[in-house]
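Okay, structure first, notes after.
The values are calculated or read from the model by the stated rules, or taken from the named source; none is laboratory data. All values derive from a computational prediction rather than experimental measurement. In this analysis, Cβ positions are derived from the backbone assuming ideal geometry, glycine residues included, and neighbour counts consider all displayed protein chains. Each accessible area value is taken on the protein alone, full model and side chains, heavy atoms only, with ligands, DNA and RNA left out. Shrake-Rupley method; radii C 1.70, N 1.55, O 1.52, S 1.80 Å.
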Amino acid sequence: MDPLIYSVLHVAAAFVLVGMTFSAFANPAPERRGFVMMVGGIASLVMVIAGFGLHAKLGIDGFPGWLIVKVVAWLALSAVSGIAFRKPTMIGLLAVISMVAVVAAVYCVYFKPF
Ligand code: HEM
C-alpha cells in the first residue's frame, strides 16, 4: 500500500484522537464517556497501526529517539481522556500534558533531533 495512505490515516487519526481528548476535557460528563472512549480508542489504534506501517514502508532504520518520543506522546494522549472522566479535578494538568505531547510529537517528526 502507498505510504501516503498510511500518512493520511496516521495524521487524520491523530486529529480525531486529540479532538476527542479535548472534548473530554471540555465536558467530562459520565454519559459522554462511552462515546469519547470508543471513538478515541479507535483513533488511537488506527494511529499506532498507521504509524508503524509508515515506519516499515519508509524503511526507517531501527527505533530512533524521535520515534520513542512519539510513542510516549501516543501513550499519554491515549490515557488522558480516561483519567479526565474519572478525575475531572485533574483536567488542567491533563490539558498541559496533552499539549506538550502534541508539540513534542510534531516537533520530533519534522526536526528529528535525535
Ligand atoms: C506510536 C506512536 C507513533 C508512531 C509509531 C509514529 C510514526 C510515524 C512515522 C514513522 C512517521 C513518518 C516520519 C517521516 O516521514 O520521516 C510519522 C509522521 C507523522 N506523525 Fe507520527 N507516530 C506516532 C505518534 C504520533 C503522534 C502522537 C502525533 C501527533 C499528535 C504524530 C504526528 C505525526 C505527523 C504530523 C507526521 C507527519 C506526516 C507527514 O508529514 O506526512 N505521530 N509518524
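Applying the criterion of being in contact with a Leu (Cβ under 7 Å, 6 or more places away or on another chain) and within 16 Å of the ligand (Cβ to nearest atom) to the residues of region 79-113, the residue that is farthest from Ala26 (Cα to Cα) is Ala101.
Taken together, the residues in region 53-76 that are surrounded by 14 or more Cβ atoms within 10 Å (Cβ to Cβ), more than 12 Å from the chain's Cα centre (by Cα) and assigned to a helix (DSSP H, G or I) amount to 6.
Considering only residues in region 19-31 that are in a helix (DSSP H, G or I) and over 10 Å from Ser81 (Cβ atoms), the one that is least open to solvent (accessible area, probe 1.4 Å) turns out to be Gly19. Number of residues in region 90-114 that are open to solvent by 60 Å² or more (accessible area, probe 1.4 Å), outside any loop (DSSP other than H, G, I, E, B) and among the hydrophobic types (A, V, I, L, M, F, W, C) equals 9. Of the numbered criteria (1) more than 9 Å from the ligand (Cβ to nearest atom); (2) under 14 Å from the mean Cα position of the chain (by Cα); (3) open to solvent by 30 Å² or more (accessible area, probe 1.4 Å), the one Gly34 fails is (2).
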